[in-house]
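One structure below.
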Amino acid sequence: MARAPASPQTLTLTVNGQDLQVLLSEHARARRISLRVDQIQGCVVLVKPRRTSKATALAFAQEKASWISDRLSELLPPVPFSDGIAVPILGSMHTICWQPDARRGVWREPDTLNVSGSVDHMSCRVHDWFKQEARKIISPVAHAYAEKLDKAVTALSFRDTRSRWGSCTIDGKLSFSWRLLMAPASVLNYVVAHEVSHLCELNHSARFWNTVDSLVEDRHTPTAWLKEHGSQLHRYGLAPWGSQA
Ligand SMILES: [Zn+2]
């Protein structure tokens, strides 16, 4: 019978007189002890297999204390979708402007993203807008690239994925993070070209990269951009740390 996972607990490491907090999480299927950064909760999570003792896990974390300390200092706080906050759309910053008296839903202007209605629904509305707008922008790009390769996109979905920007199945189903809409157009186009190229090659062989190169002029600059800035896109629209239920 499946057992509910044990609830995570906080451990404190002391490094050079500084206290570092890590969340301890036990996973039945974990094979080894590992550490990962959780942007949503603003912490480092120490994952241990069920059989590993807490003391062993703690010793592991203590050994990696400087890595943990560096990651914690790099963590950027969440940026909620609220009035006056600036969010990137296709690489340029737009200030969210609450327009309580308008009846227009959410609409974009050169420097603003205007949101009408109740302030309580603002975050939800902006999330929905990003998802819809991502589809509106990405869908024609995906279909145009697929047509160039003489392939067909059978379905497109938009999610809030953490570990990847896009994915592709053998039967032509593409999935993207709606957060790509925050990135510059060249980055968005590259990710779409990458996934569409998987309709031809379900691997990362030289032939695959040649296919990508036939769709976009430069894939190196967008790849470097994602490596440097990609994780920051996950800060937007999140509740402040510590406010999760
Ligand atoms: Zn790939």
Q) Where the only charges are on Cβ atoms (+1 Lys, Arg; -1 Asp, Glu), what is the dipole of the chain about its Cα centre, to the nearest 20 debye? A) 1080 debye
Q) For the range 9-74, what proportion of DSSP beta bridges, expressed in % and rounded to the nearest 5, is antiparallel? A) 65 percent
Q: Calculate the spin-label point distance for H143 paired with D218, positioning each point 7 Å from the Cα along the beta-carbon direction, and give it in nanometres.
A: 3.0 nm
**Q.** Within the chain, helix-based [θ] at 222 nm, where runs of 4 or more DSSP H residues each add -39,500 (n - 2.57), nearest 500
**A.** -10500 deg cm²/dmol
Q: Would you work out the relative contact order for the chain, in percent, from Cα pairs under 8 angstrom that are 6 or more residues apart?
A: 16 percent
**Q.** Burial ordering of D120, D38, fewest other beta-carbon atoms within 10 Å first
**A.** D120, D38
Q: Take the alpha carbon gyration tensor of the chain, find the square roots of its eigenvalues, order them as a ≥ b ≥ c, and report rounded if a/c is under 1.5; if not, report prolate when a/b exceeds b/c, else oblate.
A: oblate
(Q) So if I place +1 on the C-beta of Lys and Arg and -1 on the C-beta of Asp and Glu, and nothing else carries charge, what would the dipole magnitude of the range 146-185 be about its Cα centre? I want it in debye, nearest 20. (A) 200 debye
Q: Please find the FRET efficiency linking Q18 to R164, where r is the Cβ-Cβ separation and R0 is fixed at 25 Å, and quote it to the nearest 0.05.
A: 0.15
Q | Dipole in debye (nearest 20) - the range 1-112, about Cα centre, beta carbon charges: Lys, Arg +1; Asp, Glu -1 | A | 920 debye
Q. Which of the residue pairs K173/K227; K148/K173; K151/K227 have a Cα-Cα distance greater than 20 Å in the structure shown?
A. K173/K227; K151/K227
Q. Put +1 on the Cβ of each Lys and Arg and -1 on the Cβ of each Asp and Glu in the chain; which of V196, A61, S175 then has its Cα farthest toward the positive end of the dipole?
A. A61
Q: Could you check what % of the DSSP bridge pairs in the chain are antiparallel, to the nearest 5?
A: 55 percent
Q) What ranking do T12, T52 get, fewest neighbouring Cβ atoms within 10 angstrom at the top? A) T12, T52
Q | In the range 140-245, the trypsin sites (Lys or Arg not before Pro) that fall in loop regions by DSSP, at most 14 other Cβ within 10 Å | A | R162, R164
Q. When a footprinting reagent is the concern and you count Cβ atoms within 10 Å, what order do V15, V126, V141, V192 take, fewest first?
A. V15, V141, V126, V192
Q: State, to one decimal in nm, how far the label point of A28 lies from the label point of T112, with both points 7 Å from Cα in the Cβ direction.
A: 5.3 nm
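Computed from the coordinates by the stated procedures, all read-outs in this text should not be read as laboratory data. Only a predicted model underlies this, so the values are computations on that prediction, with no experimental measurement involved. Here the Cβ is made from the backbone with ideal geometry for all residues, glycine too, and neighbour counts use every protein chain on show.
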